[in-house]
Amino acid sequence: MAYTETFWMACDSTEQLRAEYGPFHTRGEAELEARKLGFCYVLRYEHVIGEKDEIQEVRCIFIELASVAPRMYRKLHTRCATCGESAVHEENWRAEVWADIHEFEHSRHRVRLFEQTRSEGLKEVGDWRENCA
């Protein structure tokens, strides 16, 4: 006789490439962890287990949490347009320092800045040197 096994995960989106954290035995545990992580969803997995203990079916149910502000995932990428050397940064000032050092050590090199977010992908910040004061 088949039976259903249920467990819960905290997750950040409904996309196929998503971050999941867990598993948890109860929805409450998953919701608590999702809120700590800034995730907007909990995911309920249901496995239908057959007579020989094989998984026959998997169901995924996303539940959106109310009043959870999603975290802004943003990375800054610096890349030299001359030699191709690059780095990834969390803060604006780190990107600026990396660029300053690289351009000081290589007098005719120019560093470009790119911003990467989950919603917009990778895009170049064109006038980033003019806005630094």
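The values are calculated or read from the model by the stated rules, or taken from the named source; none is laboratory data. Keep in mind the model is a prediction, meaning the values are calculated, not measured. Counting neighbours? That spans all protein chains shown, and the Cβs are built from the backbone with ideal geometry, glycine included.
Results, tabulated for the structure shown:
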| quantity | calculated |
| --- | --- |
| Candidate set: the stretch 39-64, residues that are in contact with a Leu (Cβ under 9 Å, 6 or more places away or on another chain) and assigned to a strand (DSSP E or B); chosen: the one farthest from THR4 (Cα to Cα) | TYR41 |
| Breaking point among (1) more than 24 Å from the chain's Cα centre (by Cα); (2) aromatic (Phe, Trp, Tyr); (3) at pLDDT below 90, for TRP93 | (1) |
| Any hit, the stretch 98-112, residues being small (Gly, Ala, Ser), modelled with pLDDT of 90 or more and touching a Phe, Trp or Tyr at 6+ places or on another chain (Cβ under 8 Å) | no |
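Let's see how each residue does on (1) outside the structural domain of PHE7 (by TED's automatic domain parsing); (2) on the phi > 0 side of the Ramachandran plot; (3) surrounded by 14 or more Cβ atoms within 10 Å (Cβ to Cβ):
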residue	(1), (2), (3)
GLY22	no, yes, yes
LYS36	no, no, no
TYR41	no, no, yes
VAL97	yes, no, no
PHE104	yes, no, no
HIS109	yes, no, yes
